[in-house]
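Worksheet for the structure shown next.
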Amino acid sequence: VNAIPDMTDTPPLEPLSSDSKTSTSAYSEKALRASPADYFQLLKPRVMSLVVFTGLTGLVVAPVDINPFLAFVAVLCIALGAGAAGALNMALEGETDALMRRTRGRPVASGRVTKSDALGFGGILAFLSVVMMWLAINNLAAGLLALTILYYVVFYTLILKRRTPLNIVIGGAAGAFPPVIGWAAATGQAPIEAWLLFAIIFLWTPPHSWALALYTADDYAKAGIPMMPVAKGAKSTRLQILLYSLIMVPVACVPIAFNMGGLPYMIVSGIGGIGFLAMAVRLFMSKAGDHPEGGENSLYDVKREALWARNLFAYSILYLTALFAALLLHHAFTG
Amino acid sequence: MTMTDPKLNKPLDILSDKAAYLAAQKRRNLFIALGLFGFVVMVFLVSIIRMAEASRPQG
């Protein structure tokens, strides 16, 4: 459900050991001691929170009232679907995750949960979330949820991620579906307004992900993932971040023309967009990523050269959250 | 009962390890049970709401 990197995932730093690769295949001592918290971590809770937030926004912005309990069930299904996709992703990527500092503390990578358990857990959750959405809400929302999970797990994780530097561009669609699912849950339809929200997240994902990749490129290279800075270099990535930002910011203003967010959205998309563009220009002029550092102890702890990449990465999260919060609040209070 | 792990060269307390594994398993089972119970309750409530909506007069 989400191709957005687990941006706030800051695992405990353990030395990379040779058994961290093999620990995914059998029941290690750690796996026998696995706690419910380890399984909860499989769901990528922080990514899930953004998915829930955007899905809820789609549901609230849609011009149809839905029974509050059914709305809760719809959001829960979106959350579980996102979590299932995260668990399946971690199961399939355990060995790769073990090679990267940012992800090596994840349950499968560190051997706290076995690959087969993660696959089973993710598979069952995916099935239950789609079936529940189908039974409680409607066919379209269930179909879109199933499509999103499949898109993320099969198309993005298994096919795109290791094959093309455009992995995050195409795969980003998975993270953009939740508002459309939310809208479909409320109305049974997916009109152009819902796809507009999709477009905003879809265009936001590349600059967001590449800003992070600029200062973690070493890790991606080590894991054999052709992220843009690894495949095309830092300069080309900075330019593409700027170009995507130049497209994304005007698109993020289009909901105003559809009377979707009122004055708060106008202010956030206008001022926030100018801020986004200013940071993208500043990043373009910087040397961020020219000397990749492989990530420090935390996602936000970087060398001076990469500061603008880090700043844009952090700002992009704030920007998207503010856009959807403006939409959500406007419709929650004005109907 | 204490043995020595030949790989790690440290004492291996089999009984306390087994107790820890069982305790972890019990915690996991409890969460599975809670999850299943929640799922059943949710299906029940959704069914009630759906039936109430279906029996409401149209228009």
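The values are calculated or read from the model by the stated rules, or taken from the named source; none is laboratory data. Bear in mind that the values here come from a model prediction, so they are computed numbers and not experimental data. Glycine also receives a Cβ, built like all others from the backbone with ideal geometry; neighbour counts cover every protein chain displayed. With ligands, DNA and RNA removed, areas are computed over all heavy atoms of the protein, side chains included. Shrake-Rupley method; radii C 1.70, N 1.55, O 1.52, S 1.80 Å.
Figures for the structure shown
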read-out: Rounded FRET efficiency, nearest 0.05, which uses the C-beta distance separating A:SER116 from A:ILE247 and R0 of 41 Å; value: 0.45
read-out: Kyte-Doolittle mean at least -1.0 and Cα axial length at least 20 Å: DSSP H helices in chain A; value: A:45-61, A:68-92, A:115-136, A:192-223, A:234-253, A:262-285, A:307-334
read-out: Potential extension, A:LYS232-A:ILE256 segment - 0.36 nm per residue separation minus Cα distance; value: 5.0 nm
read-out: Set of segment A:37-70 residues, backbone N closer than 15 Å to the point 7 Å along the Cα-Cβ line of B:ALA52; value: A:66-70
read-out: Cβ-placed point charges (K, R +1; D, E -1), dipole of chain A about Cα centre in debye, nearest 20; value: 580 debye
read-out: Structure-based [θ]222 nm, chain A - -39500 (n - 2.57) summed over DSSP H runs of at least 4, per residue, nearest 500; value: -22000 deg cm²/dmol
read-out: Residues in segment A:121-160 reached by a label modelled at A:ALA37 [backbone nitrogen below 18 Å; 7 Å Cα→Cβ]; value: none
read-out: With every protein chain in place, the protein assembly as shown: carbon and sulfur % of accessible area (1.4 Å); value: 68 percent
read-out: Area hidden from solvent between A and B (accessible, protein heavy atoms only, 1.4 Å, total, Å²); value: 1500 Å²
read-out: Heavy-atom accessible area per residue - the protein assembly as shown, 1.4 Å, Å²; value: 45 Å²
read-out: FRET efficiency, A:ALA325 to B:ASP17 (Cβ-Cβ, R0 56 Å, nearest 0.05); value: 0.70
read-out: Euclidean distance of C-alpha centroids, segment A:235-270 and segment A:32-78, integer Å; value: 25 Å
read-out: Tensor-based shape of segment A:70-109 (alpha-carbon gyration tensor, a/c under 1.5 rounded, otherwise prolate or oblate); value: prolate
read-out: Estimated distance in nm for a label pair at A:ARG162 and A:ARG46, the labels positioned 7 Å out from Cα along Cα-to-Cβ; value: 2.6 nm
read-out: Listed pairs A:LYS30/A:LYS161; A:LYS161/A:LYS232; A:LYS44/A:LYS303; A:LYS30/B:LYS18 exceeding 21 Å between Cα atoms; value: A:LYS30/A:LYS161; A:LYS44/A:LYS303
read-out: Mean separation of Cα contacts under 8 Å, 6 or more apart, over the residue count of chain A: relative contact order %; value: 21 percent
read-out: Dipole magnitude (debye, nearest 20) for segment A:155-234, charges at Cβ of Lys, Arg, Asp, Glu; value: 300 debye
